[in-house]
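Quick note: the coordinates plus some simple rules give every number you see, no bench work behind them. Just so we're clear, the structure is a prediction, and the values are computed from it rather than from any experiment. Positions of Cβ are generated from backbone atoms using ideal geometry, with glycine treated the same way; all protein chains shown enter the neighbour counts.
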Amino acid sequence: MFSKELFGQRVLEQRKKHGEPQRVLAELLGVGETQITGIEHGRNTTTAERIALICQHYGVSSDYLLGLTNDPEPKYPTEEQLKNE
C-alpha cells in the first residue's frame with residue numbers, strides 16, 4: 001500500500017545519499033524547494049513523470065520509491081548502463 005510518508009523518506013534518503021541540496025532536485029523536477037520539502041515530509045506527492053525523473057536521476061526503481069519493494073535496484077537498464085554499452 002502506498003504511503004506518502006515512506007515515499008518522502010525514500011526521496012530524502014536518495015537525495016542525501018547523493019549529497020544534493022533540495023535546490024538540485026527542485027530544478028530537475030521543475031518545482032520549488034517548498035514542493036520538495038512537502039514531498040520529503042510526506043505531505044505532498046508528485047506526478048508519474050516526475051517520479052520517473054527521480055528514479056532515472058538516482059538510479060532506483062519506482063517500486064522502491066513507492067514502497068512496493070525494499071529493493072532499490074531497478075529491473076531495467078539505467079541511463080548510465082545504457083551509456084556504457
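Does the stretch 27-61 hold any residues that are part of a helix (DSSP H, G or I) and surrounded by fewer than 17 Cβ atoms within 10 Å (Cβ to Cβ), and which are they?
Narrowing the stretch 27-61 to residues part of a helix (DSSP H, G or I): 27-29, 33-40, 48-58.
Passing the criteria: Glu27, Leu28, Glu33, Thr34, Thr37, Ala48, Glu49, Ala52, Leu53, Gln56.
Only one of Glu73, Glu85 is charged (D, E, K, R) and in contact (Cβ under 8 Å) with a residue 12 or more places away in the chain; which?
Working: Glu85 fails: in contact (Cβ under 8 Å) with a residue 12 or more places away in the chain.
Going through Glu73, Glu85 in turn, just one is charged (D, E, K, R) and in contact (Cβ under 8 Å) with a residue 12 or more places away in the chain: Glu73.
Inspect all residues belonging to the stretch 9-16 and state whether any of them is over 9 Å from the mean Cα position of the chain (by Cα) and in contact (Cβ under 8 Å) with a residue 60 or more places away in the chain.
So far as the stretch 9-16 goes, no, none of its residues is over 9 Å from the mean Cα position of the chain (by Cα) and in contact (Cβ under 8 Å) with a residue 60 or more places away in the chain.
Filter the stretch 10-26 down to residues that are assigned to a helix (DSSP H, G or I) and either in contact with a Pro (Cβ under 9 Å, 6 or more places away or on another chain) or surrounded by 12 or more Cβ atoms within 10 Å (Cβ to Cβ) (or both), then give me how many there are. If you could, list the steps in order and put the result at the bottom.
Quick first cut of the stretch 10-26, residues assigned to a helix (DSSP H, G or I) only: 10-17, 22-26.
Retained after the next criterion (residues that are either in contact with a Pro (Cβ under 9 Å, 6 or more places away or on another chain) or surrounded by 12 or more Cβ atoms within 10 Å (Cβ to Cβ) (or both)): 10-15, 22, 24-26.
Count: 10.
Just the residues that are farther than 13 Å from Asn44 by Cβ and among the small types (Gly, Ala, Ser), please, taken from the stretch 4-20.
Start the filter on the stretch 4-20 by keeping residues that are farther than 13 Å from Asn44 by Cβ, which leaves 6, 9-10, 13-20.
If the condition is that a residue be farther than 13 Å from Asn44 by Cβ and among the small types (Gly, Ala, Ser), then Gly19 is the only one that fits.
Specify which of the listed residues (Gly59, Gly42, Gly19) is on the phi > 0 side of the Ramachandran plot and touching a residue at least 24 places away in the same chain (Cβ under 8 Å). Explain how you work it out, then say what you get.
On the way: Gly59 fails: touching a residue at least 24 places away in the same chain (Cβ under 8 Å); Gly19 fails: touching a residue at least 24 places away in the same chain (Cβ under 8 Å).
That would be Gly42, the only listed residue that is on the phi > 0 side of the Ramachandran plot and touching a residue at least 24 places away in the same chain (Cβ under 8 Å).
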